[in-house]
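K.L.:
Got a structure here, written out as structure tokens. Questions coming.
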Amino acid sequence: MSAVTGYVVGVDAGGTSTRALVLDAESREVGRAVEQGANPNSHPPAHAAKRISEAIRAALGSLVAADVRAGVVGMAGASKLSDPAIAALFDEAWRDVGLQCPVRVVTDAEVAFATATAHPDGTVLIAGTGSIAARITDHRLNGLAGGYGWLLGDEGSAYWLGREAVRATLRAVQTGAPLDAFAHAVLAEANVSTVDDRILLSRKLITSANAEAPIRLARFAPLVSEHQGDPLAADIADRAAAALANTVRLTRSPDEHTPVVTAGSVASPDGPVGARLREHLAGEEVLFAADGLAGAAWLAALDGFAGLAKHPGVT
């Protein structure tokens, strides 16, 4: 048994939920809580900070906050804290809980990488609504590829898949090609009824797709996975996987063999894009991080317990 006492706190602050996990010096779970979303890109920063503090307080329960040795908060909106006014809101939130230890706010990429592997260096690819790859060095972000957003990039993401699904359907409509199950599914998702007039049909689909925020095109992405027997859908998945693999390679040297961690719905090994991505990265150690909470807690353990920290994958 370790003579070291105290606790560490890891937080995964997402857009829809905020989860906190408290570990002791033996990496045993001693508290856990869930609160509302706290990504400062999706919620007012003051609300985000308050929800994180509420999650930490609930996870600590009857534990003494002053006994927490370190905290790590992972969030996609970590860059928001470069604004001193916003950073001050979060500093006040830690004090309100009673924390006297340092609390690091890191990116979702860093916690995803830390969830899947104890290795200090490598690459993490996040492919959900958007897409980005990050270089990790000594457990910290050290370089980026992609992540430009829907207007400038996000190749291989759910947004990109949805856009390509609509474009492929439009090409089929305008060229007079037969409309198969995939095309009909796209039209149905767009709430466009099929008509014999192809010019009118294309106009209706264009109007529907442009009537909403561009990022809403991501809702068509599941149709690509559901219709892999269709050549158009299969081609979209092929191109998405190739684009994501290229984004990964931009963060790595040609002879590198550090781990590649993937995260996000599109990169899941159970989906067609994720499976093809692994084919592109054959020969690499490719891991999947389904949950960033454990990684946040482990990074906090590295800060608070140094060499005693046990990775969540170690039993």
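K.L.:
Residue-wise, which Karplus ³J(HN,Hα) couplings in Hz belong to region 295-301, taking 6.51 cos²θ - 1.76 cosθ + 1.60, θ = phi - 60°, and x for glycine or proline?
P.N.:
So the J values, rounded to whole Hz, are x, 4, 5, 5, 4, 5, 5.
K.L.:
In a Debye calculation with equal point scatterers on the alpha-carbon sites of the chain and no solvent, what is log10 I(q)/I(0) at q = 0.11, 0.16 Å⁻¹?
P.N.:
-0.73, -1.20
K.L.:
Give the Debye-formula value of log10 I(q)/I(0) at each listed q (0.15 Å⁻¹), with one equal scatterer per alpha carbon of region 119-284, two decimals each.
P.N.:
Results for region 119-284 at q = 0.15 Å⁻¹ read -0.78.
K.L.:
What are the ³J(HN,Hα) couplings of region 10-21, residue after residue, when phi is run through the Karplus curve with 6.51, -1.76, 1.60 and θ = phi - 60°? Round to Hz, x for glycine and proline.
P.N.:
Taking θ as phi minus 60°, the curve returns x, 10, 10, 9, x, x, 9, 8, 10, 10, 10, 9 Hz for region 10-21.
K.L.:
For the chain, modelled as a Gaussian network with Cα springs under 10 Å, which listed residue fluctuates most, GLY122, GLY176, GLY147?
P.N.:
GLY176
K.L.:
I would also like to ask the following. What number comes out for the charge environment of GLY162, summing +1 per Lys or Arg and -1 per Asp or Glu over other residues with Cβ under 10 Å away?
P.N.:
Local net charge: +2.
K.L.:
Of all the C-alpha pairs in region 32-110, what % are more than 20 Å from each other?
P.N.:
The calculated P(r) of region 32-110 puts 25 percent of pairs beyond 20 Å.
K.L.:
Under 5 Å between amide hydrogens, which residues at least 5 positions from ARG69 or on another chain qualify, with H placed 1.01 Å from N in the peptide plane?
P.N.:
TYR7, VAL8
K.L.:
Test of understanding: in a Gaussian network model of the chain with alpha carbons linked when under 10 Å, which of ARG163, ARG95, ARG19 would top the mean-square fluctuation ranking?
P.N.:
Taking springs between Cα atoms under 10 Å, the residue moving most is ARG95.
K.L.:
Given +1 on the Cβ of Lys and Arg, -1 on the Cβ of Asp and Glu, and no further charges, what dipole in debye does region 119-284 carry about its Cα centre, rounded to the nearest 20?
P.N.:
With Lys and Arg at +1 and Asp and Glu at -1, about 420 debye.
K.L.:
HN-Hα J couplings of region 199-212 from phi, Karplus 6.51/-1.76/1.60, θ = phi - 60°, integer Hz, Gly and Pro as x?
P.N.:
Per residue, the Karplus-derived 3J(HN,Hα) values read 5, 5, 5, 5, 5, 5, 5, 4, 4, 5, 5, 8, 7, 10 Hz.
K.L.:
Please list the non-local residues whose amide H lies under 5 Å from the amide H of VAL261, H modeled 1.01 Å from N, same-chain partners needing a gap of 5 or more.
P.N.:
Placed amide hydrogens put THR123, VAL124, LEU125, LEU287 under 5 Å from VAL261.
K.L.:
About the Cα centre of region 1-136, what is the dipole size in debye to 20, counting +1 per Lys and Arg Cβ and -1 per Asp and Glu Cβ, all else neutral?
P.N.:
With only Lys, Arg, Asp and Glu charged at Cβ, the dipole is about 100 debye.
K.L.:
Of ALA188, ALA245, LEU152, which is farthest along the charge dipole of region 119-284 in the positive direction, counting Lys and Arg as +1 and Asp and Glu as -1 at C-beta?
P.N.:
Toward the positive end, the furthest listed residue is LEU152.
K.L.:
Under 15 Å Cα-Cα from LYS50, which aspartates and glutamates qualify once same-chain neighbours fewer than 8 residues away are excluded?
P.N.:
Within the straight-line cut-off, LYS50 pairs with ASP12, GLU35, ASP91, GLU92, ASP96.
K.L.:
How high is the relative contact order of region 119-284? Use alpha-carbon pairs under 8 Å, at least six apart in sequence, and give a whole percent.
P.N.:
After rounding, I find 31 percent.
Bear in mind that the values in this text are calculations on the coordinates, not laboratory data. Fair warning: this is a prediction, and the values are worked out from it, not measured in the lab. Cβ: placed from backbone, ideal geometry, glycine included. Neighbour counts: every protein chain shown.
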